[in-house]
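A short worksheet on the structure shown next.
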Amino acid sequence: MPNSVIIGAQWGDEGKAKVIDYLTEESDLVIRYQGGANAGHTVVVNGEKFVFHMVPSGIMYPNKTCLITNGVVFDAEQFLIEIEELKERGFNVNGRLFISDLAHMVLPYHKIVDKAREEYLSKGQKIGTTGRGIGPAYADKATRCGLRLGDLLRWDSFVEKAKSNYDEKKRLVEVFYGATFDLVFEEMLATYKKIAEILRPFIIDTAAYIFTAKQAGKTLLFEGAQGTFLDIDHGTYPFVTSSNTVIGSVATGTGVNANCIDDYIGIVKVYTTRVGNGPFPTELLDATGHKLQQQGFEFGSTTGRERRCGWFDSVLLRKAIQLNGFTTMALMKLDVLTGFEELKICTHYKIDGEVTDQYPTQLEDLAKVEPVYISLPGWTEDITGCRDFDALPENAKKYVAALQAQCYNLPYLMVSVGPDRAETIITR
Ligand code: GDP
Ligand code: IMO
Ligand code: MG
């Protein structure tokens with residue numbers, strides 16, 4: 001079976017978790033390697049819905065192992081909520097879910113700083129973060145004052161480092177941001193002392209684990225979070241997340257050479273969405289955008305915010321293919337386009353009157369983009385029951401072909417026609 005990586009090709013929420021869940025059946029190890037609880041990954045099985053923020057989306061298969069590796073900023077409290085809920089719903093995670101001792105921790109003060117900073121920034125500067133403490137946790141990692149899971153297991157050292165961070169954040173929030181810092185150090189410590197003991201059996205050297213699994217010929221599935229244009233280097237900076245979401249993160253975020261990957265799968269929503277602020281060339285602020293939002297049930301899985309919606313943007317997609325080296329795509333949410341009389345695909349950008357097929361790297365240029373569209377006729381038939389590509393309405397097939405033609409004719413391994421695991425057309 002091929003080793004695969006799954007990466008969001010747009011601004012997140014493309015449907016990565018559905019594909020992870022689908023491919024877990026033919027994999028041995030599912031690995032979350034970057035991001036944190038800002039991710040909201042939804043899996044639907046027989047109408048029952050599960051949303052994961054910390055736990056890898058492969059956890060629903062009882063005999064598969066899931067790892068959270070060093071590149072992730074780990075939110076222990078969220079993790080415990082999720083494993084508790086999984087237990088209540090009949091899933092045992094013991095002995096098949098592990099976390100890297102090198103993963104940095106998101107602590108409660110990171111969330112306070114995240115929210116205070118967003119509040120403090122002026123309207124045009126606000127990023128619209130998920131408030132999960134992601135930026136401040138990665139900032140501590142880069143500043144080299146972060147706390148890792150390995151520290152949690154050495155209590156005295158944890159207390160000492162946590163105190164110095166706590167004092168710094170308290171001062172930052174109260175004095176600089178002028179906001180409330182209602183976290184009591186001793187209470188935080190008491191909570192984390194308990195958490196340390198619960199987490200102890202989960203904490204391992206995940207790089208060594210993956211290496212051994214690789215040597216033994218196990219099939220690996222890497223689960224990317226967020227999406228290509230939220231990448232801290234290649235995305236729409238500063239309206240991005242604080243990690244690298246593009247392919248290189250697999251190697252740095254796991255500590256294993258990623259040369260074992262066979263399939264680089266770009267998860268592609270067949271229209272475009274974005275949560276939070278920042279440029280979005282094909283955004284539709286009209287009734288059509290509203291209809292996409294409603295039909296796609298486009299609400300953030302983490303924050304519940306309405307997602308901004310627009311037409312499919314192939315300039316963006318071509319850039320994502322270049323950045324990640326996708327070898328194949330999964331085309332998601334085709335059913336959402338049912339009932340639109342006309343569908344549009346953006347093929348080029350017009351910037352200052354000049355037409356280009358290149359994605360501009362400067363935010364100022366991206367903000368000026370006027371999308372150039374091709375128009376296609378829609379369909380009205382319900383396609384959620386289709387399990388075979390040939391069963392799709394002619395116009396749906398034409399839409400997929402037009403999209404593919406704009407994306408270097410990359411093959412696609414599936415077309416998703418509904419949220420449920422079963423609502424999938426496999427084309428590989
Ligand atoms: P992720 O972050 O990329 O894993 O995606 P999210 O879970 O945040 O958002 C995708 C949403 O679309 C979830 O509610 C999924 O259940 C849903 N979804 C996934 N595939 C399809 C599909 O083909 N059609 C429809 N209608 N919904 C889908
Ligand atoms: P999944 O894995 C969509 C966005 C936030 C905000 C920006 C920065 O479910 O696709 P952060 O909290 O990371 O500092 O917020 O990034 N964002 C996401 N948008 N899907 C996600 O994850 C996201 N994770 C972060 O909305 O614009
Ligand atoms: Mg999501």
Pairs of alpha carbons in the chain whose separation is greater than 35 Å (percent):
28 percent
Share of the chain's accessible area from carbon and sulfur, percent, 1.4 Å?
51 percent
Cα-based Rg/(2.2 N^0.38 Å) for segment 104-199, rounded to two decimals, is 1.09
Where labels lie 7 Å past Cα in the beta-carbon direction, separation of GLU342 and CYS145 in nm
5.6 nm
Formal net charge of residues neighbouring GLU168 (Cβ-Cβ distance under 12 Å; K, R +1; D, E -1):
+2
What's the lysine pair count for segment 267-426 at a Cα cut-off below 27 Å, pairs eight or more apart or interchain?
28
Rounded to whole Å², per residue accessible area for segment 257-363 with a 1.4 Å probe reads 38 Å²
Ranked from highest to lowest mean number of other Cβ atoms within 10 Å per residue, what is the order of the peptides 87-96, 251-260?
251-260, 87-96
Only Cα pairs within less than 10 Å get springs; with that Gaussian network setup on the chain, which residue of PHE299, PHE312, PHE229 has the largest fluctuation?
PHE299
Long-range amide H contacts for ALA37: which residues qualify at under 5 Å (H placed 1.01 Å from N, peptide plane, sequence gap of 5 or more or a different chain)?
ASP75
Relative contact order [Cα under 8 Å, 6+ residues apart], segment 267-426, whole percent:
25 percent
Average Cα contact separation per residue, the chain, under 8 Å, 6 or more apart, as relative contact order %:
20 percent
Rank by packing, highest mean first: peptides 72-78, 169-175, 182-188, with packing defined as the count of other Cβ atoms within 10 Å averaged across residues.
72-78, 169-175, 182-188
Comparing ARG305, ARG32, ARG148 in a Gaussian network model of the chain (Cα, 10 Å), the one with the largest mean-square fluctuation is ARG305
Probe radius 1.4 Å, ligands and nucleic acids left out: which of ASP114, ASP13 has the largest accessible area, and how do the rest follow?
ASP13, ASP114
How big is D, in µm² s⁻¹, for segment 267-426 by Stokes-Einstein at 20 °C and 1.002 mPa s if Rh is the Kirkwood radius over C-alpha pairs?
132 µm²/s
Taking the convex hull of the alpha carbon atoms in segment 363-428, what volume per residue do you get, in Å³?
141 Å³
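The values are calculated or read from the model by the stated rules, or taken from the named source; none is laboratory data. Remember, predicted model here, so these are calculated numbers, not experimental data. A quick note on method: Cβ atoms are made from the backbone with ideal geometry, for glycine too, and the neighbour counts reach across all protein chains shown. Keep in mind that these areas ignore ligands, DNA and RNA; they rest on the heavy atoms of the full protein, side chains included. Shrake-Rupley method; radii C 1.70, N 1.55, O 1.52, S 1.80 Å.
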